[in-house]
Each structure stands twice: as C-alpha cells, then as structure tokens.
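Enquirer: Structure below; questions to follow.
The numbers here are math on the coordinates, done by the rules we state, and not lab data. Please read all numbers here as calculations on a predicted model, not as lab measurements. Here the Cβ positions follow ideal geometry from the backbone for every residue, glycine too, while neighbour counts run over all protein chains shown.
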Amino acid sequence: MESMEPVASPPSLPPSVPSVDSQTVDSQTVNSQTADSQADPAQASSNLTNSNLTNSNLTNSNLANSNLANSNLIDTPLPEASPPPTTLNTTLNTLADVVQPHLLTNLKHLNKYEEAVLKGFEVEDLHDLRVTWRQLRVILQMLAPVLALSKPKLLKNLQTVTTVIGGIRDTDVLLEQSNHLRSQFLSLPEQLFLAKVTDQLTQQRAKHLKKIQKMLLATRHDRLKQHLHQALTQACDRPVIQQPAIALVPELLSPHWAALWLHPGWWVELPLPAAIDPIDPTAIEPIDHSTIRTVTAPSLAAAFHTLHDLRKAIKRVRYEITFFKALYPRPVLTAIEPLKALQGKLGDLQDTVVLMTYFDQRLKPKQKRRFTQLNALLDQQLQTQWQKLQIDRATCLDITYRTELRQWLFQPQG
C-alpha cells in the first residue's frame, strides 16, 4: 500500500495582507452597505449629514484647542536669557582688550586713594596709595615694549611719586618697632633713648605728610595723571598690542621672571647662629661688639642689600602675574603663595636692619656698648627672622615647584 504524501498547507500571509476569505467578507459587507443605501436614500442622506456635523464639531473643537494653545503661548513668559559670561574670553581678546581697561581702572583707584589720604592721612590709605602707584609703575615698565608712550619722562616721574609716598613707610615702620621695644624690659637709659627716637620719628612723619600733601595738590601732579590717562587711552594703536593676549603674555613675563630666579640673593648666607630662646634680661652679660654695630659692617651691609633687592624682584614678578591673573584657569594667587610668604619674611628682616642702622647712626660709642638689653633683643629678632625665611626660601627653590609654576604661567589658557 502506497503511503500518501502529506498535503502542504498554504503559507501564511503577513498580517498586513488580508486573506482571500477576508477580502470576500469585506466585499460582501460593502455590497450590503451599497444595497442599503440604494434601498433607503433618505437614511443615507441623514447619515451623511450627521457625519458632516460630527466632522464640523471636531474641526471647531480642534480650532478652539489651537486658539487656547496659542493663547497659552502668548500668556506664558519667555525664559530669561542667560547673562553674558563674566570671565574674559581671552582666546579672542587682544592684549589691548586686557591691558587698557585694567590700567584705566587703576587710575580711578589712585584718585580715590588720594582723596582718602588728603582727608585723614591714615596709615592704611597711605599703604593703598603707595602700593597702587608702585604696581602701576611696574606694569608700565613691563608693557614698555608694546605701549607707545609718547612721554619719555613718564616712568621717571612715576618713580619720583613712589619715592615721595614711600618715604613715610620707613618712618611708620621705625615708629612701630620703637614703640614695641619700649614695652620690653629695658634699662632706664635705653628707655630714654627710645623715647627720644620716637619723638624724632613723629616729627619726621609730620614732615613727610606735608611733602606728600604738597605733591598731591600740585598742578604738576594733576598733569601727570592726565598724561597717563591720555597715554593709556591712545597706547593701543600699535599692531603688536592687537595680537592675542595669550600669545604675548609669556613674552612679557619672561624678563623679570628670569631675573628673579637668577638673582644672587637666593644664595646669600649670613654669619648668624640659630635662633636663641627667649631672653632673660637679668642674665645678659655685657658684650663688646654689639649687634647694632655688626649689621652696619661693609660685608653684612652688602649681604642685606642683596636680600632686599631679591625681595623687590619677587614683588615685581608678583605684581606682573597678578595683573594677568584673569588669563589663567585657576587662582594665580594660590600658586605664588610661597613667593608671597618669602617676600613678607624678607621684608621683616629688612625692617629690622633699617631699625638697627637708624640706631647706629644716633648712638654714641659708649651707648652702643652699654645698651646690652637692646642689643640682645635686636639680636634675637634678627636671628629668628633669618631662620624663619629659610623654610620659604627652600620651598621656592624646589625644582618641582619652579618647574610646575613656570609651565603653568607660560601656557595661559584663558
């Protein structure tokens, strides 16, 4: 008996394609609807009318919804525009865009500080005025290659102003230190000497204030500021200053940066022992060679002068870097903190040396030998300050710190 072959079932169609039976049913349905329509024309017309009304209502509803949506769009306030960026887009700004507004702002600050000084001659106002003038002078020296300053004597006149205003700073420091020493345990002759020194310094300060007042009120000083404003306003005509700021700033920082790290003050050594413990004035033995006399010796005087010049070199570099701090992605003041700390300690050392020199010029030889307590206090102060700055000097001379700081400063990112 032959086996029967199974009958293959027809392949199923995709869901989107109707089958034949389905098409037949749909055709019958259409024919039925057509027949009904032909059988009852009135009913068909009624259905058509109802359909049109329904479509009309739907259209009106859509229009109403559309009008409501448009009304909501009108009543809804637009989102506020984001404020313009406050940081400087240094990749597109020229050096003139960065420099000119900053310098003109400094001139406005000078006028404000001068008005405050003329009102009360407060120490803080004098400090702000002195620092602002010195910063302006340093920045103009740095920008000299790119600024077309028409007045050759402009920088020289600026130096005269800073010298006059800076003269009172040493007097204030001497007064402060002398008053501090008077509060220490000193002999009666030493106390009388310091009282005399304080009176002399007070009179000297009054003379400095009169000199500063005369300079600030002089017509020549007003002309200097007018020339400065005019020069800075017209100083951006040269093609070089129209170049991108990030391309020129490394070149402007290079001269004083190199001078700082090649300065001989980094390797100065003083013949001073380690800092001693707090002094017991009753146990001090008379000394033949006073500290006051020692610091004025030619060899030590030259060493202190070199250290003081190193301090000024650090200050110049700090002023220049701070002037361009907006060009860097992180706070520049944090990166140069070790330099700032060393500058401060060198300043303290210099103040002590100035005080000792001032005393040496006013003490007789017998007094220099007899003032044992005063010599001991100054000796301890000098030694302690010298020891403290060694830590900051070592930090700044660290090769890793110097390399990272140099790479960062000479690649401004904006």
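Enquirer: Could you go through the stretch 182-187 in sequence order and give the Karplus-derived ³J(HN,Hα) for each residue, using 6.51 cos²θ - 1.76 cosθ + 1.60 with θ = phi - 60°, rounded to whole Hz, and x for Gly and Pro?
Expert: Karplus-based 3J(HN,Hα) across the stretch 182-187 equals 5, 7, 8, 7, 10, 6 Hz.
Enquirer: Moving to a separate point now. Using a 7 Å offset from Cα along Cα-Cβ at GLN413, what residues in the stretch 321-357 end up with backbone N under 11 Å from the label point?
Expert: Only 328-331 fall inside the zone, counting backbone N under 11 Å.
Enquirer: Residue by residue through the stretch 219-234, which ³J(HN,Hα) values in whole Hz follow from phi under the Karplus form 6.51 cos²θ - 1.76 cosθ + 1.60 (θ = phi - 60°), with glycine and proline marked x?
Expert: Working through the residues one at a time gives 5, 4, 5, 5, 5, 4, 5, 5, 5, 4, 4, 5, 5, 6, 6, 9 Hz.
Enquirer: Below 20 Å, Cα to Cα, which lysines can LYS207 reach? Residues fewer than 8 away in the same chain don't count.
Expert: Correct list for LYS207: LYS119, LYS196.
Enquirer: Here is a further query. Give the cross-link partners of LYS325 among the lysines, using a straight C-alpha distance below 16 Å as the criterion and excluding same-chain residues fewer than 8 apart.
Expert: Output for LYS325: LYS315, LYS340.
Enquirer: Scan the stretch 147-215 for trypsin sites (Lys or Arg not before Pro) in coil per DSSP, keeping those whose Cβ has at most 16 other Cβ atoms within 10 Å, and list them by number. Before the final figure, lay out the partial values.
Expert: On the way: sites: LYS153, LYS156, ARG169, ARG182, LYS196, ARG205, LYS207, LYS210, LYS211, LYS214; in loops: LYS153.
Answer in residue order: LYS153.
Enquirer: Quick check: the distance between the Cα centres of the stretch 338-364 and the stretch 144-222, to the nearest angstrom?
Expert: 15
Enquirer: Arrange the peptides 170-181, 107-118 so that the one whose residues have, on average, the most other Cβ atoms within 10 Å appears first. Show your work: numbers first, answer last.
Expert: On the way: 170-181: 17.7, 107-118: 15.4.
In decreasing order of mean packing, 170-181, 107-118 become 170-181, 107-118.
Enquirer: Report the full-extension gain for the segment LEU333 to GLU269: residue separation times 0.36 nm, less the Cα-Cα distance, to one decimal in nm.
Expert: Result for the pair: 20.2 nm of gain on full extension.
Enquirer: Under a Cβ-only charge scheme (Lys and Arg +1, Asp and Glu -1), can you give me the dipole magnitude of the stretch 89-243 about the Cα centre, in debye to the nearest 20?
Expert: On the way: 21 positive and 14 negative charges, 134 e Å.
Dipole of the stretch 89-243, to the nearest 20 debye: 640 debye.
Enquirer: Output needed: percent of Cα pairs per 5 Å distance bin for the stretch 89-243, bins running from 0 to the one holding the longest distance.
Expert: Over the stretch 89-243, the share of Cα pairs per 5 Å bin runs 1, 8, 16, 17, 14, 11, 10, 7, 6, 4, 3, 2, 1, 0 percent.
Enquirer: Apply the Karplus curve 6.51 cos²θ - 1.76 cosθ + 1.60, θ = phi - 60°, to the phi angles in the stretch 390-397 and return the couplings in whole Hz, x for Gly and Pro.
Expert: Whole-Hz 3J(HN,Hα) from phi for the stretch 390-397: 5, 5, 5, 5, 5, 5, 5, 7.
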